[in-house]
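Worksheet: one structure, shown below.
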Amino acid sequence: MIFAVSGKITRKDDDKTRPYDEGWVSIPMQRRLMKKTVLIFGVISGVLSSAMMLATVPFVRGGHTGYTLGYTAIVLSFLLVYFGIRSYRDNVGNGQITFGKGFAIGILITLISCVFYVVTWEVVYFNFLHGFMDSYFAHMIDKAKASGASAAAIQAKIAQINQSKQQYENPLINAAYTFIEPFPVGLLITLISAGVLRKKAPLPVSA
């Protein structure tokens with residue numbers, strides 16, 4: 001049976017075939033909104049990670065406390081992954097999102113944030129803090145000497161440390177080392193957030 005209301009033709013069972021008509025979003029629109037969500041939350045996360053990196057760099061020289069502060073800042077910046085996935089689910093997905101979609105959004109936010117993190121460190125290190133890691137490599141050498149290993153093993157370890165020090169002066173290798181600092185944290189938070197926030201569409205109610 002078909003009803004005509006105010007010049008618009010509707011079917012009697014339309015409300016059953018599309019129960020979320022008010023929240024329905026076309027596929028192309030979903031993609032555009034996904035890109036927008038990723039960019040907004042990725043940039044915010046990136047700006048936060050860069051700002052907190054700059055704030056915690058002076059403490060890194062202090063040893064374990066500095067590294068704890070650094071990774072705490074990284075975790076805080078990646079909380080935007082959770083909020084980005086939730087925002088897409090609630091505002092675009094009509095309260096529904098699959099694990100795969102949530103993971104895709106989260107990992108893209110993570111990658112954007114990591115790019116900010118890497119670029120910030122490259123600029124700061126090569127322009128203002130060149131040689132910043134010298135104390136770290138010196139500490140590693142002292143640790144190798146105090147390890148109690150044989151002289152040959154100690155010399156091999158020192159040679160390996162010096163090689164790493166030289167490689168760190170290469171911007172590409174430096175960027176790779178820097179990237180793997182935050183990325184595993186972002187990946188873990190993405191997996192957790194995608195799993196926690198996933199929500200399937202309810203099964204249709206039989207008449």
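The values are calculated or read from the model by the stated rules, or taken from the named source; none is laboratory data. Remember, it's a predicted structure, so these values are computed and weren't measured experimentally. Cβ: placed from backbone, ideal geometry, glycine included. Neighbour counts: every protein chain shown.
Put simply, of SER113, SER77 the only residue that is among the small types (Gly, Ala, Ser), crowded, with 20+ Cβ neighbours inside 10 Å and within 21 Å of PRO171 (Cα to Cα) is SER113. Listed by position, the helices (runs of 4 or more DSSP H) enclosed by region 1-93 that each have at least 2 residues that are modelled with pLDDT of 80 or more and touching a helix residue (DSSP H, G or I) at 6+ places or on another chain (Cβ under 8 Å) are 27-60, 64-77, 79-91.
Rundown of residues vs (1) under 17 Å from ALA175 (Cβ atoms); (2) basic (Lys, Arg); (3) surrounded by 18 or more Cβ atoms within 10 Å (Cβ to Cβ); (4) over 11 Å from the mean Cα position of the chain (by Cα), yes/no style:
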| site | (1), (2), (3), (4) |
| --- | --- |
| ARG32 | no, yes, no, yes |
| LEU48 | no, no, yes, yes |
| GLY93 | no, no, yes, yes |
| TYR117 | yes, no, yes, no |
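Quick one: is SER147 polar (S, T, N, Q) and at pLDDT below 85? The answer is yes for SER147. Looking at the structure I just gave you, is VAL124 surrounded by 15 or more Cβ atoms within 10 Å (Cβ to Cβ), at pLDDT below 95, of a type outside the set (Asp, Glu) and farther than 22 Å from GLY195 by Cα? So VAL124 passes the test.
Somewhere in region 150-165, is a residue modelled with pLDDT of 90 or more and within 28 Å of ALA55 (Cβ to Cβ)?
Checked against the condition, which is being modelled with pLDDT of 90 or more and within 28 Å of ALA55 (Cβ to Cβ), region 150-165 yields no hits at all.
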